[in-house]
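Data first, discussion second: the structure below is written as structure tokens.
Every read-out reported here was derived from the displayed coordinates using simple, explicitly stated rules and does not represent laboratory data. The model shown is predicted, which means the values in this text are computed figures rather than measured ones. With ideal geometry, Cβ positions are generated from the backbone for all residues, glycine too; neighbour counts draw on all protein chains shown.
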Amino acid sequence: MALLTHLLVCVFGMGSWVAINGLWVELPLLVTELPESWNLPSYLTVVIQLANIGPLLVTLLHRFRPGCLPEVPVIFAVLVVGTVACVLFAFLWHVTSPVLGGHHSIAFIVLTFFLALVDCTSSVTFLPFMSRLPPPYLTTFFVGEGFSGLLPALVALAQGSGITTCVNVTETPGTTWSPGTTTGTHVTQEWASAEMAGSAGSLESRYLPARFSPLVFFLLLSFMMACCLAAFFLLQHQARGQPGSIEDLLSSQVTLHSIRPQEGKDVGPLGPVDGPGGTGRSEKKASRHRPAQLAFIYTLVAFVNALTNGVLPSVQTYSCLPYGPVAYHLSSALSSVASPLACLLSMFLPSRSLPFLGVLTVLGTSFGAYNMAMAAMSPCPLLQGHWGGEVLIVFSWVLYAGCLSYIKVMLGVILRDRSRSALLWCGAAVQLGSLLGALLMFPLVNVLQLFSSADYCSLHCSA
């Protein structure tokens, strides 16, 4: 039963961000069909940040009207809306509407808002719910959250989304080259030849046709969300079947009003966490953290999520694509694998030491700083055109993702031992950090255009 519970919790955690992550990895195909073209990611960034109204509302209600928001029905509503929105995406993603003299993807943008509302709100609803399970299940939840980025990426890889090849084209005299725009984790180039005395041949990057359509991709995404909904339902059913349970895990009486420091025992589907003689252990753990230490923990949560959800994803293409499409795809795929592996590592080698987590944050940030520096030097970063540069950038992204994922899990475990309210504020810090990271990078990338891109196939950097 414990193994089954771990599996259900992992699938439940996967539903936290699988919808939005799936949307981002599908963008290289969507931008070729929708009228917004490569301005579409800029729209998505704004829409996703507007969806933070969801966690803001939940947090304010918890603070000023405790008890008015039932926790379990809210989670059910969130998962149902996410599943239905994914199904509608499959059939409406290409529908356009006339607005202000032009055609725009209104249905796509509205459905994106609902998907983002689901995923953002999950940060302040799923985490408090997980405090009702014994501590090891919280780590499993973060493993599932890591899979929310890995599984859509694997599906997109099987689909052939964003795969490019170099083709020989003929250049025409009198045309100019202009860089395309880049955002999120995707890139496109609007390439024309430099002015020349006559026509000549050159290499260009071209996207290869996909193996299956966005319709199939979004239906697969809907299936993942439906699995998350089913996992949550089975978690409730399993809890009701446990004779030793003190509280019904899925009772609608469980509300955000009950989010308060636990005294002595943690109750989960397998019964109380503390055994005989363990009364007050969680309370003692919580009492160790002074206000200054709690402020440090929440600041660390916001900072780490600002890097992983807002700052670094905005420049991954600038950081990796100058080394070639292989380096880009390896860094994306392997960093997605590193996240759940780091969560699994925290189950066997946990460390709650704040100084250690602080040092690990500095180490992970150092790898992130290297990635950012290479993005700032784009399109000619260090060791561009050398195999050593490709190896360094891939390893840097993998170690950056692994270090910060481990930190996020251990901070969540520390706050889980304090109280369910601490986990709610942890979710709020996650969303605040992600919001600040995105708001910082959006003008730098899309308005000030501090990062430069170029076509890898025709790129020539001086030694």
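Using C-alpha pairs under 8 Å with a sequence gap of at least 6, the mean separation divided by the residue count of the range 358-463 gives a relative contact order of 34 percent.
Karplus-based coupling profile of the range 317-325, in residue order and whole Hz: 5, 5, 6, 9, 4, x, 8, x, x, with θ = phi - 60° in 6.51 cos²θ - 1.76 cosθ + 1.60 and x standing for Gly or Pro. Taking other residues whose beta carbon is less than 12 angstrom from the beta carbon of residue 160, and scoring Lys, Arg as +1 and Asp, Glu as -1, yields 0.
Expressed in Å, the radius of gyration and Dmax of the Cα atoms of the range 1-113 are 17.3, 59. Provide the FRET efficiency to the nearest 0.05 for the residue 97-residue 207 pair, computing r from the beta carbons and using R0 = 30 Å. The value I calculate is 0.70. Which whole number in µm²/s is D for the range 62-136 by Stokes-Einstein, with the Kirkwood Rh taken over Cα pairs at 25 °C and 0.890 mPa s? It diffuses with D of about 168 µm²/s by this estimate. Between the DSSP loop rule and a limit of at most 16 other Cβ atoms within 10 Å, which trypsin sites (Lys or Arg not before Pro) in the range 349-438 are left? Qualifying residues, ordered by number: 352. Per the Debye formula on identical point scatterers at the alpha carbon atoms of the range 314-437, with no solvent, log10 I(q)/I(0) at q = 0.11, 0.20, 0.22 Å⁻¹ is -0.44, -1.10, -1.22.
The convex hull of the Cα atoms of the range 40-102, projected and averaged over all directions, covers 6.2 nm².
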